[in-house]
Amino acid sequence: MKLDNRTYPALFSLLYIVTGWLWLLIDNLVLTVWMGGAAPALLPTVLKNTVVIIASGGLFYGLLRVHIHMTCRTRQQQEEIEEQLCCARDDLETRVQERTTELLKMNSTLTQQMASRVQMEIALRDSEERFRQLAEHIREVFWVYGIVEERVLYVSPAYEEIWGRAVQSFDERPLDWLEAVHPDDRLRIQEAHVDKHRLGHLDVEYRIVRPDGAIRWIWDRGFPVRDQTDHVYRIAGLAEDITARKLAEDQLRRQQVDLARMSRLSLAVELASNLAHELNQPLAAIVAYAQACLTLLRQGHTDPRELVGTFEGVVNQGLRASEIIRHLRQLVQRQVAMQTPLDINALLHAVIHYAQLELRQARIDLHLELTESLPKTLADDLQIQLVVLYLIRNAVDAMCQMPEGSRQLIVRTALASADWILVTVHDTGHGLSPEAAERLFQPFFTTKPGGMGLGLPVSRSIIEAQGGQLWATPNPDSGVSFHFTLPVYAPAHSPYSDHELDAHRLPH
Amino acid sequence: MPTVFLIDDDPAIRDAVGLLLRANGLAVETFASAVDFLESDAVQRPGCLLLDVRMPGMSGLDLQKRLQEMDCRMPIIFITGHGDVPMAIRAMKAGAFDFVEKPFQAQALLDRLHEALALDAQERRRQARRNDVAARLALLSPREQEVMERVAAGQYNKVIAADLGISISTVEIHRKRVMEKLQATSLSDLIQMLALVGGE
């Protein structure tokens, strides 16, 4: 048993009780002994007291034992409870610790999230700032069109620089920018912008007239902006001032045209010079032979038989001269070795692209009436391009004297029959006089100042070399139509497939 | 006999012009190219060249240059075709005798050919005499050469004798020998001979 604060008073009181009892017992025993001698009468009473004292001592002892026993059991239980309590406390502490860790963790996560949220906000603000800086400082006009709002939501300040009009005018007059578009381009651009709402795309080039009268070229592109449901709700676009580039392009193309004309001219000069030299040789020989004959004949004593060889020389050189001329003609009507299957509509598109500048400069309206899904034709594409280009230029020249607005060029394709493709170039020019119509295809006949009169005859010989025909008809109202036919390509009859023919053309 | 050497790549021209020139009494030899001509012995022979300016390979102008390098002074008449004027001008600047345009006027060509042949003959005579004089000069002894140079420079015998440290009579003997060896008849004859050789 442990001695603690509670045990000491109990021990003292027990000691006190035991001491008291022992004193009573000894007193009684002494009394008994004394009584036995002195007063034996009183001895039974004293013995009875002694017995009572001993009995009470026994009773006390019993009680003490019971108490001690009881106390001991309580203690044990207490200890057990304490132990349990201890365990419970430990457990609680562990849990608290765990919870604290958890809370700390959550706290740090929250802090992080908050930090990243703040960073995102900063980044967003930065990107917005950057966008604004970009939008407001780039030379291109940046615009945003709201499809639902049906108006332009944003236009960058470059608009004022390029268009020479205020950005605010968009709020007051939404179509202000369109009024600035050159009258010739306006209809086309209006259509393109209507289409833009439907397609979400825009890619156009047009001219604008600034308030100061200056003309600028604009390249305007738009791209769809989609919401989360992938629905196009805005169109964002860039409008760029491409005047400088356009001017450079125009100049380049003009130079190319000039160059082509020059090279054609110098080619003609060179051809003529070569031809002159080639023909001069037999002519010089013929003259020399004839003069030799004259000399011999004048000497008076010549045997005519001696002159036979000389005259044979004259004949041979005459034939040689005519051979040179025949060779030249063959050169013009070049062979048909470069024939490939070609799509005449694609060819026309390519040529018209090349001639566009000339058409625009001559203020000619072009109408393409191309029959779709035409069969291919077998021809030399470069030569056919030359013919088409020549016919278009011819039409341009024919219409340049006509009043503006009446200059219409129609290029048409059709299937004339199962075997022939027909191409027509129709102009609204001054037409042909009867004399001109008759001599149209004769070489060196021309109605144009500076013309060589070779375009149409060469074109005709090119088309005829491809197996087709080229002719002209007067139009009922005004101008002339030139028509040419080309044979339909039937690959079944060809020993080569398209692919093989292409492969033959490509350099390996 | 002086010959016209005709060089043209066109066989018809060679045939026809050859015939024309022969009918007019000229000796003609034809060549198909400049190289053929250079490889023959014709370069050394008397005559003139009738040369096509435009030929494949070595052109007429190239041959003209080549001949000058070889110190051949045969006169050249160029044949030019249509549009060869710039080439004709270059040929003339380089010392051609003349040029004729195809087709030729026969008489004009013949006249020019005769003139060219005459020039060549004259040139050859001058050359022959030059060679002759040079051969005679080679016969002189060194002392005679010294005396001759001073005589030709117009010095008196007295001055020459003092100059060379010999007697006047010795100078006179040397002088007589020089005139004999060079076959000069007079002082002016001697000076002419020396001028002819000195041109070289």
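The values are calculated or read from the model by the stated rules, or taken from the named source; none is laboratory data. Nothing here was measured: the structure is a model prediction, and the numbers come from that model. Using ideal geometry, Cβ is built from the backbone for each residue, glycine included, and neighbour counts are taken over all protein chains shown.
Go over the candidates A:ILE138, A:ILE122 one by one and state the one that is surrounded by 11 or more Cβ atoms within 10 Å (Cβ to Cβ) and either in the same structural domain as A:GLY222 (by TED's automatic domain parsing) or free of Cβ contacts under 8 Å to residues at least 40 places away in the same chain (or both).
Going through A:ILE138, A:ILE122 in turn, the sole match is A:ILE138.
Can you tell me which residues in the stretch B:89-108 are within 14 Å of chain A (Cβ to nearest Cβ), touching a residue at least 12 places away in the same chain (Cβ under 8 Å) and in a helix (DSSP H, G or I)?
Matches in the stretch B:89-108: B:ALA106 only.
Out of all the residues in the stretch B:21-37, is one or more within 14 Å of another protein chain (Cβ to nearest Cβ), exposed (fewer than 15 other Cβ atoms within 10 Å of the Cβ) and on the phi > 0 side of the Ramachandran plot?
The answer is yes, given that some residue of the stretch B:21-37 is within 14 Å of another protein chain (Cβ to nearest Cβ), exposed (fewer than 15 other Cβ atoms within 10 Å of the Cβ) and on the phi > 0 side of the Ramachandran plot.
Can you confirm whether A:ARG198 is under 30 Å from A:HIS367 (Cα atoms), within 26 Å of the chain's Cα centre (by Cα) and of a type in the set (Lys, Arg)?
yes
Any residue in the stretch B:45-65 that is within 14 Å of chain A (Cβ to nearest Cβ) sitting within a Cβ distance under 8 Å of a residue that is aromatic (Phe, Trp, Tyr) and surrounded by 21 or more Cβ atoms within 10 Å (Cβ to Cβ)? List the pairs, counting only those 6 or more apart or interchain.
B:LEU50/B:PHE5; B:ASP52/B:PHE78; B:VAL53/B:PHE78; B:VAL53/B:PHE99
Tell me whether the stretch B:119-133 contains one or more residues that are within 22 Å of the chain's Cα centre (by Cα), among the β-branched types (Val, Ile, Thr), over 30 Å from A:HIS277 (Cα atoms) and part of a helix (DSSP H, G or I).
yes
Restricting the search to the stretch A:180-218, which residues are under 20 Å from A:ARG245 (Cα atoms), among the acidic types (Asp, Glu) and outside any helix (DSSP H, G or I)?
Correct list: A:ASP203, A:GLU205.
Considering each of B:ILE191, B:ILE166 in turn, give the residue that is more than 24 Å from the chain's Cα centre (by Cα), outside the structural domain of B:ILE76 (by TED's automatic domain parsing) and surrounded by 13 or more Cβ atoms within 10 Å (Cβ to Cβ).
B:ILE166
For the stretch B:65-93, which positions are on the phi > 0 side of the Ramachandran plot and over 14 Å from the mean Cα position of the chain (by Cα)?
B:GLY83
Can you confirm whether A:LEU279 is at pLDDT below 90, in contact with a His (Cβ under 9 Å, 6 or more places away or on another chain) and more than 7 Å from chain B (Cβ to nearest Cβ)?
yes
Which of the numbered conditions does A:ALA10 fail, given that it passes all the others? Conditions: (1) loosely packed, with under 13 Cβ neighbours inside 10 Å; (2) part of a helix (DSSP H, G or I).
Against the list (1) loosely packed, with under 13 Cβ neighbours inside 10 Å; (2) part of a helix (DSSP H, G or I), A:ALA10 comes up short only on (1).
So, of the residues in the stretch A:210-237 that are among the β-branched types (Val, Ile, Thr) and touching a strand residue (DSSP E or B) at 6+ places or on another chain (Cβ under 6 Å), which turns out to be farthest from A:LEU134 (Cα to Cα)?
Looking at the filtered set, the residue picked out is A:ILE215.
Test each condition in (1) away from chain A (no Cβ under 14 Å); (2) surrounded by 14 or more Cβ atoms within 10 Å (Cβ to Cβ) for B:VAL4 and report the one that comes out false.
Against the list (1) away from chain A (no Cβ under 14 Å); (2) surrounded by 14 or more Cβ atoms within 10 Å (Cβ to Cβ), B:VAL4 comes up short only on (1).
Just one of (1) closer than 30 Å to A:LEU294 by Cα; (2) at pLDDT 90 or above; (3) surrounded by 13 or more Cβ atoms within 10 Å (Cβ to Cβ) trips up B:ASP84, so point out which.
(2)
Which one of these is closer than 30 Å to A:LEU294 by Cβ and surrounded by fewer than 20 Cβ atoms within 10 Å (Cβ to Cβ): B:ARG66, B:ARG54, B:ARG90?
B:ARG54
Yes/no matrix, rows are residues, columns are (1) of a type in the set (Gly, Ala, Ser); (2) within 18 Å of the chain's Cα centre (by Cα); (3) modelled with pLDDT of 85 or more; (4) in a strand (DSSP E or B):
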position: A:ARG221; (1), (2), (3), (4): no, yes, yes, yes
position: A:TYR233; (1), (2), (3), (4): no, no, yes, yes
position: A:ALA236; (1), (2), (3), (4): yes, yes, yes, yes
position: A:ALA244; (1), (2), (3), (4): yes, no, yes, no
position: A:ARG254; (1), (2), (3), (4): no, no, no, no
position: A:ALA260; (1), (2), (3), (4): yes, no, no, no
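Residues that are in contact (Cβ under 8 Å) with a residue 40 or more places away in the chain, in contact with a strand residue (DSSP E or B) (Cβ under 9 Å, 6 or more places away or on another chain) and within 11 Å of chain A (Cβ to nearest Cβ): does the stretch B:66-88 have at least one?
Yes - at least one qualifying residue is present in the stretch B:66-88.
Scan the stretch A:315-322 and give yes if some residue there is among the basic types (Lys, Arg) and at the interface with chain B (Cβ under 9 Å from one of its Cβ atoms), otherwise no.
Within the stretch A:315-322, one or more residues are among the basic types (Lys, Arg) and at the interface with chain B (Cβ under 9 Å from one of its Cβ atoms).
Answer yes or no as to whether B:GLN44 is surrounded by fewer than 17 Cβ atoms within 10 Å (Cβ to Cβ), of a type outside the set (A, V, I, L, M, F, W, C) and farther than 23 Å from B:GLU123 by Cβ.
no
So the check is Cβ under 8 Å with 6+ separation or different chains; which pairs have a first residue in the stretch A:353-377 that's assigned by TED's automatic domain parsing to the domain that holds A:VAL423 and over 21 Å from A:ASP397 (Cα atoms) and a second one that's acidic (Asp, Glu) and at pLDDT 85 or above?
Listed pairs, sorted by first residue: A:LEU374/A:ASP343; A:LYS376/A:ASP343.
Look at A:GLN385 and say whether it is part of a loop (DSSP other than H, G, I, E, B), closer than 27 Å to A:GLN251 by Cβ and out of contact with any strand residue (DSSP E or B) (no Cβ under 8 Å at 6 or more places or on another chain).
no
Taking the stretch B:93-123 as the region of interest, how many residues are surrounded by 15 or more Cβ atoms within 10 Å (Cβ to Cβ) and charged (D, E, K, R)?
6
Mind checking whether some residue in the stretch A:157-169 is part of a strand (DSSP E or B), out of contact with any His (no Cβ under 8 Å at 6 or more places or on another chain) and at pLDDT 85 or above?
No: zero hits.
So A:ARG151 ticks every box in (1) touching a strand residue (DSSP E or B) at 6+ places or on another chain (Cβ under 9 Å); (2) surrounded by 14 or more Cβ atoms within 10 Å (Cβ to Cβ) but one. Which box is left unticked?
Here A:ARG151 clears every test but (2).
Hey, among the residues in the stretch A:453-479 that are of a type in the set (Gly, Ala, Ser), touching a Phe, Trp or Tyr at 6+ places or on another chain (Cβ under 8 Å) and over 12 Å from A:VAL387 (Cα atoms), which one's surrounded by the fewest Cβ atoms within 10 Å (Cβ to Cβ)?
Taking the candidates together, the pick is A:GLY453.
Within the stretch A:153-174, can you find the residues that are in contact with a helix residue (DSSP H, G or I) (Cβ under 7 Å, 6 or more places away or on another chain), among the aliphatic types (A, V, I, L, M) and in contact (Cβ under 8 Å) with a residue 12 or more places away in the chain?
Residues satisfying the conditions are A:VAL155, A:VAL167.
Among the residues of the stretch A:392-446, which ones are more than 44 Å from the chain's Cα centre (by Cα) and not in a loop (DSSP other than H, G, I, E, B)?
A:PRO434, A:GLU435, A:ALA436, A:ALA437, A:GLU438, A:ARG439
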